[in-house]
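To start, the structure itself, in structure tokens.
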Amino acid sequence: MLCRDLAIELAPLGITINNVAPGAIETPINTKLMQSPDLMKSLLGNIPLNRLGKPGDVAGVAAFLASEDAAHITGTTVVVDGGLLWNYSEQ
């Protein structure tokens with residue numbers, strides 16, 4: 001809601017506000033997960049694209065939202081999760 005409220009407040013100034021919500025991404029925070037074949041198999045079974053995201057996947061969305069191509073997008077959340085949210089339950 002903070003994103004949406006800020007988007008409404010700042011839109012008259014020409015400022016866009018958006019969220020990027022990453023899913024499971026190949027970063028050091030997920031080292032333990034990536035080193036456990038059983039956990040990886042379970043997680044990948046819930047990701048339709050069948051892979052963890054890469055930092056570049058998230059960076060690409062952030063770069064797009066900061067570009068002029070996204071000038072008419074505000075108050076939204078872009079989920080970068082390979083489809084994980086379709087049927088996710090905490091592992």
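Of the conditions (1) at pLDDT below 95; (2) surrounded by 12 or more Cβ atoms within 10 Å (Cβ to Cβ); (3) in contact with a helix residue (DSSP H, G or I) (Cβ under 8 Å, 6 or more places away or on another chain), GLN91 clears all except one; give me its number.
With (1) at pLDDT below 95; (2) surrounded by 12 or more Cβ atoms within 10 Å (Cβ to Cβ); (3) in contact with a helix residue (DSSP H, G or I) (Cβ under 8 Å, 6 or more places away or on another chain) applied to GLN91, the lone miss is (2).
Please enumerate the residues belonging to the stretch 30-64 that are within 23 Å of ASN19 (Cβ to Cβ) and small (Gly, Ala, Ser).
GLY53, GLY56, ALA59, GLY60, ALA62, ALA63
Among the residues of the stretch 26-71, write down those that are in a loop (DSSP other than H, G, I, E, B) and polar (S, T, N, Q).
Once the filter is applied, which keeps residues that are in a loop (DSSP other than H, G, I, E, B) and polar (S, T, N, Q), the stretch 26-71 yields THR27, GLN35, SER36, ASN46, ASN50, SER67.
Each row is one residue, and each column tells you yes or no for (1) of a type in the set (S, T, N, Q); (2) without any contact (Cβ under 8 Å) to a residue 24 or more places away in the chain; (3) surrounded by 11 or more Cβ atoms within 10 Å (Cβ to Cβ).
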| position | (1), (2), (3) |
| --- | --- |
| MET1 | no, yes, no |
| ILE8 | no, no, yes |
| LEU13 | no, yes, no |
| ALA71 | no, no, no |
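Being at pLDDT below 95, surrounded by 10 or more Cβ atoms within 10 Å (Cβ to Cβ), of a type in the set (Gly, Ala, Ser) and touching a Pro at 6+ places or on another chain (Cβ under 8 Å) narrows it down to one residue among GLY23, GLY83, GLY53; which is it?
Unique residue meeting the criteria: GLY83.
If you check ILE8 against the conditions, is it modelled with pLDDT of 95 or more and β-branched (Val, Ile, Thr)?
Against the criterion (modelled with pLDDT of 95 or more and β-branched (Val, Ile, Thr)), ILE8 qualifies.
The values are calculated or read from the model by the stated rules, or taken from the named source; none is laboratory data. All figures in this text were calculated on a predicted structure; none of them were measured in a lab. Here the Cβ is made from the backbone with ideal geometry for all residues, glycine too, and neighbour counts use every protein chain on show.
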